[in-house]
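Colleague: Handing you this structure, nothing more for now.
The values are calculated or read from the model by the stated rules, or taken from the named source; none is laboratory data. These numbers were taken from a predicted model, which means no experiment stands behind them. Virtual Cβ from ideal backbone geometry, glycine too; neighbours counted across all protein chains shown. Quick note on the areas: whole protein, heavy atoms, side chains included, nothing else; ligands and nucleic acids left out. Shrake-Rupley method; radii C 1.70, N 1.55, O 1.52, S 1.80 Å.
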Amino acid sequence: MAPAGIAIAAWGLVTGVAMVKGGLSVPMALAMTIVVFAGSAQLAVLPLLVSGAPLPIVWATALLVNLRFVIFAAATRSYFSGLPWKQRLFSSYLNGDVGFALFSGRFGNASERGNPYQWGFFYGVATVNWLSWQASSVAGILLAGLAPTDWGLELAAVLALVAVLVPMVRRLPAVLGMIVTGVLAVATVRMPLKLGLVVSVLAGVLVAVLLEPADSSAAVEKQPTQ
Amino acid sequence: MNATSHWGYMSLAMVGLALTTVITRGSFFMLPSSVTLPSRLERALRYAPACALTAIVAPGVFTRHGSLFLSVHNNQMWAVLIAAGVFALKRNMMLMMAVGMAAFTLLRLFA
């Protein structure tokens, strides 16, 4: 947990700085980090918010980036199915990249699913994750105003997303899907209402799925990012 | 002055963004256990985040004012490519950020 905690804090700090340098006011950035609590989605929608993109496009982008959580939820639901619904909802909210990665690394093959020891582990990890993420994000947001604008810190948001993207460049279908998406996103950059974004993502996902070998559904890849 | 100073727009944006977190993370925790994730859909879901992030990053890096900008003078592009290379090799976020920022600054000052 300690190395993970440091990694979370580094990522939170960068996200906090990037949100303010990317154009959000300090109160808005604070609201975003506390309410949204999903770093990659926050950084992804940042340029859209600054350019005043239509809200459905903003939401759709965040939804696409967050879709990995649906896979996490499907993979870990059986550990939490014995809990009352309010506690399940609360647990699911904490089931982000770090919580999921550490929990399934520890209990992914457990024969008994859903005991108090597993829940204790989950809440412990989730609490450390939440605290280090929020504290470092808030620190980044407040410190961003002190840094001179000519440090090129606007670049921080792009670089932070690069850190998420690079580990995803692994298997051929994913790589080709990303290339198709990237080329189309550049080609359609003048399309109104940022519709090119949606078109290029759909095309990229379609290409990746079609290129996948038929038997690869067994090798489900988890992509712990943040 | 940009769109982020419109209070109504930003508030609505935040509510929707928070909902995307709750809905995706809550999905299968809240659905009845009889509902499962079909493997075909799961495979599509696996690629969506990578493609969505690519669609955001690529135009910012490779275009300027709505046109392709593959030039030696595209400092941001070179800085991002160098930083991505460093991250691919070292997997160290702080190092990657530092190299990316330094490359950008040096290119801007001297190139």
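Colleague: What is the Cα radius of gyration of region A:1-160 over 2.2 N^0.38 Å, N being its residue count?
Modeller: Ratio of Rg to 2.2 N^0.38 Å for region A:1-160: 1.12.
Colleague: Which percent of Cα-Cα pairs in region B:6-111 sits in each 10 Å bin, short to long?
Modeller: Each 10 Å bin holds this share of Cα pairs: 12, 25, 26, 26, 9, 2, 0.
Colleague: Once you charge only the Cβ atoms, +1 for Lys and Arg and -1 for Asp and Glu, what is the size of the charge dipole of chain A about its Cα centre, to the nearest 20 debye?
Modeller: 320
Colleague: Also: Put a dot 7 Å past each Cα toward the Cβ at A:ILE6 and A:LEU193; how far apart are the dots in nm?
Modeller: Between A:LEU193 and A:ILE6, the label points sit 4.8 nm apart.
Colleague: Could you tell me which helices of chain A pass both thresholds, a Cα extent of 27 Å or more along their own axis and a mean Kyte-Doolittle hydropathy of at least 0.5, with helices taken as whole DSSP H runs?
Modeller: Going by DSSP H runs, the hits are A:2-21, A:116-144.
Colleague: Over what distance in Å are the Cα centres of region B:27-58 and region A:116-174 separated?
Modeller: 21
Colleague: Given springs between every Cα pair under 10 Å in a Gaussian network model of chain A, which of A:VAL14, A:VAL162, A:VAL98 has the largest fluctuation?
Modeller: Judging by the Gaussian network model, the answer is A:VAL162.
Colleague: Still on this structure: Cross-chain or 8 or more residues apart, Cα under 29 Å: how many lysine pairs in the protein assembly as shown fit that? Count them up, please.
Modeller: For the protein assembly as shown, the number of qualifying lysine pairs is 4.
Colleague: Which value in deg cm²/dmol, rounded to the nearest 500, describes the helix-derived mean residue ellipticity at 222 nm for chain B, given -39,500 (n - 2.57) per DSSP H run of n ≥ 4 and division by the residue count?
Modeller: -25500 deg cm²/dmol
Colleague: Rounded to the nearest angstrom and ordered from largest down, what semi-axes does the equivalent ellipsoid of the protein assembly as shown get from its C-alpha gyration tensor (root of 5λ)?
Modeller: Rounded to whole Å, the semi-axes are 31, 23, 20.
Colleague: Would you mind calculating the relative contact order of region A:1-167 from Cα pairs under 8 angstrom and at least 6 residues apart, reporting the percent as a whole number?
Modeller: 47
Colleague: Once whole DSSP H runs in chain B are found, which of them have Cα atoms spread over 15 Å or more along the helix axis and a mean Kyte-Doolittle score of at least 1.6?
Modeller: Taking the DSSP H segments of chain B (at least 15 Å long, mean hydropathy at least 1.6), we get B:93-110.
Colleague: Rounded to the nearest 100 Å², what is the buried accessible area between B and A, both sides summed, probe 1.4 Å?
Modeller: Buried surface at the B/A interface: approximately 7100 Å².
Colleague: For chain B, calculate the relative contact order in percent as a whole number, restricting contacts to Cα pairs under 8 Å that are 6 or more residues apart.
Modeller: With pairs under 8 Å counted, the relative contact order is 15 percent.
Colleague: Give the residues of region B:1-42 whose amide nitrogen is closer than 19 Å to a point set 7 Å from the Cα of A:VAL35 in the direction of its Cβ.
Modeller: B:2-26
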